[in-house]
Every structure is written in structure tokens, then in C-alpha cells.
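**Student:** I'd like to ask you about the structure that follows.
The values are calculated or read from the model by the stated rules, or taken from the named source; none is laboratory data. The model shown is predicted, which means the values in this text are computed figures rather than measured ones. FYI the Cβ positions are ideal-geometry reconstructions off the backbone, even for glycines, and counts take in every protein chain you see. These area figures cover heavy atoms from the full protein model, side chains too; ligands, DNA and RNA do not enter into them. Shrake-Rupley method; radii C 1.70, N 1.55, O 1.52, S 1.80 Å.
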Amino acid sequence: MKKFRADLHVHTVLSPCAEVEMIPPLIVQTALELNIDLIAITDHNASTNVSAVQKAAAGSKLKVFPGMEVQTCEDVHLLCLFENINELEQWQNAVDKSLPDTLNRAEFFGEQYIVDEQGEYIRTEPRMLLTSTRFSIEDVFAQVNTLGGLVIPAHVNRTTYGLFPTLGLLSDQWPILAFEISRHITPEKARANFPAIGRYPLIQSGDVHRLDEFIGTTIFKLEEPTMDEIRMALKNEGDRDVFIENMPDKLHP
């Protein structure tokens, strides 16, 4: 098994809350400088910039998973991670149909830029992305799993859009494999504050909206960097594993 340092919650300039520095070449450069091996691009309810980041990473050691941070009708954020662009595109088609027909208010929410692999401007996404879809949590698990993807509740400790502060419960209808915690809490404190976490595996992500928010504290033990291997690690199958290590000194806020 090999160890892979991961940060599976990274936004680009397509997310209105992300800084303008979050363009493909700088995302890739920063991740490589921090010895991060795996990232997932997870813009809010959108995925158009994923392929640009993958192209920017081509030829490097950095693996870029296609993904999305979807907002459910319960106002909970879920990471939806996929092996390939085709799976993500099918999910994006479903999400597009579930979003309200509301124009983005850039002066209030921020701009939503679609860029190429060099970070050059292509166009602006006009539809408001910072909003809830019509999908319930159950809907997201069912549809993403059917497509072969992986769903992980995002920053479950956060007071806004975090699963536990928002709903305060778990359902047997959610086939959860792991939870994501934010950079602002330790695994020990998360388990103490939210007993429902129990023995579920945890990942920790930077929820990267700025380049200095990468943390790379999640370590996967895998044979190869694939979504199937990550799923096995979350289930602790075949010597695969996942754990959170102390934040490297150079990554401390």
C-alpha cells in the first residue's frame, strides 16, 4: 500500500465565495508544493471547471477527482465525488434540473467564472449557484451511488450547512461511509461534540476557497489513487485505511 495525502474539498472561481486566485494552474501548483497527492474539485452545485483543473494537472503526480458540493433541500452540504467526468456530467444534468431559475447577484454573492486550464476567462455562469437544490439528502445518496459516485457529508461540525448543527440527526436511509470535518476541529473533539459520529471514518478538508486554506491532513493508504480504492479505505477493507494526521507546521493557519 502507498500513502496519499488528500484534500477532497477544493473550490475554483466558479464558486462565488472563492477568491479570484482559485484558478487551475495555481490550485495545482499549490497542492504540489504542499505534497498533496489527491484533490477533488467541488464547486457549489456546479462542475464546469473540473476538466480545466485536470488538464492543468496533466503530467504531474497530482490526481484530480471530479466532484461537486451540492446543497440539499434541507440546507445541508454534501460532497459528491466521482471517478470520471462522464459520471459527474450525468450528475450535473440532474442538478441543473433541480436548481431554481434564479440569476446570480454578483454584487452580493460574488462572481461565478468559468475558466480554461491556464485560468483564462471563458464566460460567467449566470445562474445562482449558492442555493438549495430540490434534492433531499436521501435523493443525493441514491442518485450519486447509482452513478458510481461517493457521497460524504461536508464539514459536519459547521453551524452553517453542517449536518449535525442543521439537522441534529442521522437517518438509516443514508448509506454513509464517512464524515468530513472542518479544519477548525480535531477528530477527537468532533467525536466528543457529536456522538452520532460514532466509529464512522473521518476525513478532514480545507474547504479551500483561498490558496492558503489547503491543509492536506487526510492520509489514505491505497494500492492506487482511485475512487474504488478510497471507498475500500473508508470501509477498512484489504489493508486500505484512512486517518487524519496533525496538521503539518507549514499548513497551520
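**Student:** Which trypsin sites (Lys or Arg not before Pro) does segment 160-219 hold that lie in a coil by DSSP with at most 11 other beta carbons within 10 Å?
**Tutor:** Hits after loop and neighbour filter: ARG199.
**Student:** Heavy-atom accessible area per residue, the chain, 1.4 Å probe: how many Å²?
**Tutor:** Per residue, the chain has 44 Å² of solvent-accessible surface.
**Student:** Give the residue from ALA178, ALA192, MET232 lying farthest towards the positive end of the charge dipole for segment 177-253; charges sit on Cβ (+1 for Lys and Arg, -1 for Asp and Glu) and the dipole is referred to the Cα centre.
**Tutor:** Sorting the options by dipole projection puts first ALA192.
**Student:** Using a 1.4 angstrom probe on the protein heavy atoms only, line up PHE141, PHE109 by accessible area, largest first.
**Tutor:** So the residues, ranked largest to smallest area, are PHE109, PHE141.
**Student:** Along the positive direction of the dipole of segment 109-215 (beta-carbon charges: Lys, Arg +1; Asp, Glu -1; about the Cα centre), which of ILE152, PRO201, GLN112 reaches farthest?
**Tutor:** Of ILE152, PRO201, GLN112, it is PRO201.
**Student:** In debye, nearest 20, what is the charge dipole magnitude of the chain about its Cα centre with +1 on Lys and Arg Cβ and -1 on Asp and Glu Cβ, if you could check?
**Tutor:** 460
**Student:** If you keep only loop residues by DSSP, which trypsin sites (Lys or Arg not before Pro) in segment 21-68 have at most 13 other Cβ atoms within 10 Å of their Cβ?
**Tutor:** Sites meeting the loop and neighbour criteria: LYS61.
**Student:** Once neighbouring chains are kept in place and the probe is 1.4 Å, which whole percent of the accessible area of the chain is contributed by carbon and sulfur?
**Tutor:** In the chain, the share of accessible area belonging to carbon and sulfur is 47 percent.
**Student:** Related question: With each pseudo-label sitting 7 Å past Cα toward Cβ, what's the ASN236-ASN193 distance in nm, one decimal?
**Tutor:** Here the modelled spin labels are 2.4 nm apart.
**Student:** Sticking with this one: Could you put THR218, THR146, THR160, THR124 in order of accessible surface area, largest first, with the 1.4 Å probe and the full protein assembly present?
**Tutor:** Final ranking, largest accessible area leading: THR146, THR160, THR124, THR218.
**Student:** Here's another thing I want to ask about it. How big is the antiparallel share of DSSP beta bridges in segment 14-80, given as a percent to the nearest 5?
**Tutor:** Looking only at bridges with both residues in segment 14-80, the antiparallel portion is about 45 percent.
**Student:** Further, regarding this structure: Enumerate the residues in segment 52-79 having an amide nitrogen under 18 Å from the point lying 7 Å beyond the Cα of CYS17 toward its Cβ.
**Tutor:** Label zone hits: 67-79.
**Student:** While we're here: Roughly how many whole Å is it from the C-alpha centroid of segment 13-68 to that of segment 223-242?
**Tutor:** Distance between centres, Cα-based: 22 Å.
**Student:** Considering only PRO201, PRO153, PRO100, give the residue with the highest GNM mean-square fluctuation for the chain, with springs between Cα atoms whenever their separation is below 10 Å.
**Tutor:** PRO100
**Student:** Something else now. Please give the solvent-accessible surface of HIS44 in Å², to the nearest 10, using a probe radius of 1.4 Å with every protein chain present.
**Tutor:** Roughly 10 Å² of HIS44 is accessible to a 1.4 Å probe.
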